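Peer 1: First the structure, which I've put down as structure tokens, then a few questions once you've had a look.
Bear in mind these aren't lab numbers, they're just calculated from the coordinates by the rules spelled out. Note that the structure is a prediction, hence the values are computed from the model and not measured. As a convention, Cβ positions derive from the backbone with ideal geometry for all residues, glycine included, and neighbour counts pool all protein chains shown.
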Amino acid sequence: MGTRVCLSCDAALDHCHGTLIVHTDRSVECTDADCFDTEHSRHTFVVDCFDVAGGCGCAVTETVTGPRSLAG
């Protein structure tokens, strides 16, 4: 079995391997501890915080008002 190759790394494109998490207040955080830029365009995976396993404290408000996509 071969090694996985990241085409974006090979092409020297600015990107992040982490997942961007968007909170209800529109703040964001990345799952990659080395991420230095939380722009949506750098992340292949962008999720709403209420979709994260175990939930998020700010997602409690969303259950009252109904879910909507924050990741846009």
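Peer 1: Between Asp14 and Thr31, what is the label-to-label distance in nm when each label sits 7 Å out along the Cα-to-Cβ direction?
Peer 2: 2.4 nm
Peer 1: Need the full-extension length gain, Thr38 to Val52, defined as separation in residues times 0.36 nm minus the C-alpha distance. One decimal, nm.
Peer 2: 3.3 nm
Peer 1: Please give the net charge around Asp14, taking every other residue with its beta carbon less than 14 angstrom from that of Asp14, where Lys and Arg add +1 and Asp and Glu add -1.
Peer 2: Charge balance in the 14 Å sphere: -4.
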